[in-house]
């Protein structure tokens with residue numbers, strides 16, 4: 001068994017005041033209660049909330065404070081994400097800090113939640129990092145996982161654990177829970193999804209193992225989620241199959257070289273996708289469409305009477 005202990009922090013997030021001091025307190029509490037923890041992760045946009053006016057250049061004081069906390073306790077730390085201001089653009093950016101307090105890598109969210117997360121520029125690069133003698137980890141943020149190609153790419157790069165800070169307060173959270181299970185099983189990896197509360201989300205953080213089974217699911221209150229993962233389970237699943245059955249990563253590997261995923265080839269026409277219209281917020285029916293619907297309903301009623 002190759003154990004590694006991770007704690008997710010599901011906490012209330014304010015959109016009007018900084019949450020940084022509370023994050024530091026949560027780290028202190030976690031490490032005092034569970035001194036065996038080796039990595040801590042917070043939810044998406046936990047530090048300053050979901051409004052883009054908080055965007056700031058990176059590096060900054062927030063990163064420095066988180067670096068100091070990681071070094072103080074000798075832990076890996078993923079302090080959620082913040083809005084990063086860079087060359088006139090805004091990105092949703094997560095930082096990975098090692099136990100020496102050094103920044104190992106940063107990740108810019110590839111799929112902002114359009115058409116709602118307006119004004120945020122997509123990142124371009126996938127993000128993996130190695131915890132020596134433990135595993136390779138991948139970083140993904142919230143809406144990214146709705147695009148299975150993102151998690152599949154991280155897995156293909158060798159990721160065995162996906163760290164996934166999220167900020168979901170919408171009525172589709174139930175759907176997201178099923179996506180986490182699907183991504184964990186399809187990619188035969190651990191999936192650590194941490195959501196916030198209040199303006200930071202509706203909670204219900206979830207952690208799944210490489211067979212897609214739920215290791216823990218939170219409810220709608222503040223919670224520290226300390227779990228010891230058996231990383232060897234990932235390799236065993238990938239070599240022998242999920243529950244000694246399907247081996248999706250091997251099957252995927254054997255098909256990608258046969259050119260059977262034509263939709264991903266350059267310059268391939270996608271007329272159906274093009275027909276779906278622009279990526280905009282839904283609005284009320286316009287008057288012409290509304291009249292057509294009323295006419296169709298009336299015709300249906302007349303036909304029924306006849």
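The values are calculated or read from the model by the stated rules, or taken from the named source; none is laboratory data. Keep in mind it's a predicted model, so treat the numbers as computed, not measured. Here Cβ is always computed from backbone atoms with ideal geometry, including for glycine, and neighbour counts include all displayed protein chains.
Structure summary
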quantity: Any chance residue 115 is closer than 22 Å to residue 279 by Cβ, assigned by TED's automatic domain parsing to the domain that holds residue 192, within 17 Å of the chain's Cα centre (by Cα) and surrounded by fewer than 20 Cβ atoms within 10 Å (Cβ to Cβ); calculated: no
quantity: Residue within the range 170-186 that is assigned to a strand (DSSP E or B) and crowded, with 16+ Cβ neighbours inside 10 Å present; calculated: no
quantity: Any hit, the range 28-43, residues being crowded, with 16+ Cβ neighbours inside 10 Å, touching a residue at least 12 places away in the same chain (Cβ under 8 Å), touching a helix residue (DSSP H, G or I) at 6+ places or on another chain (Cβ under 8 Å) and in a strand (DSSP E or B); calculated: yes
quantity: Single condition residue 110 does not satisfy, out of (1) modelled with pLDDT under 95; (2) out of contact with any strand residue (DSSP E or B) (no Cβ under 8 Å at 6 or more places or on another chain); (3) buried (at least 16 other Cβ atoms within 10 Å of the Cβ); calculated: (1)
quantity: Flag if residue 280 is outside any loop (DSSP other than H, G, I, E, B) and either at pLDDT below 95 or under 20 Å from the mean Cα position of the chain (by Cα) (or both); calculated: no
quantity: Breaking point among (1) within 22 Å of residue 253 (Cα to Cα); (2) touching a helix residue (DSSP H, G or I) at 6+ places or on another chain (Cβ under 8 Å); (3) not in a strand (DSSP E or B), for residue 162; calculated: (3)
quantity: Enumeration of residues in the range 62-117 that are assigned to a loop (DSSP other than H, G, I, E, B) and farther than 25 Å from residue 205 by Cβ; calculated: 87, 88, 100, 101, 102, 115
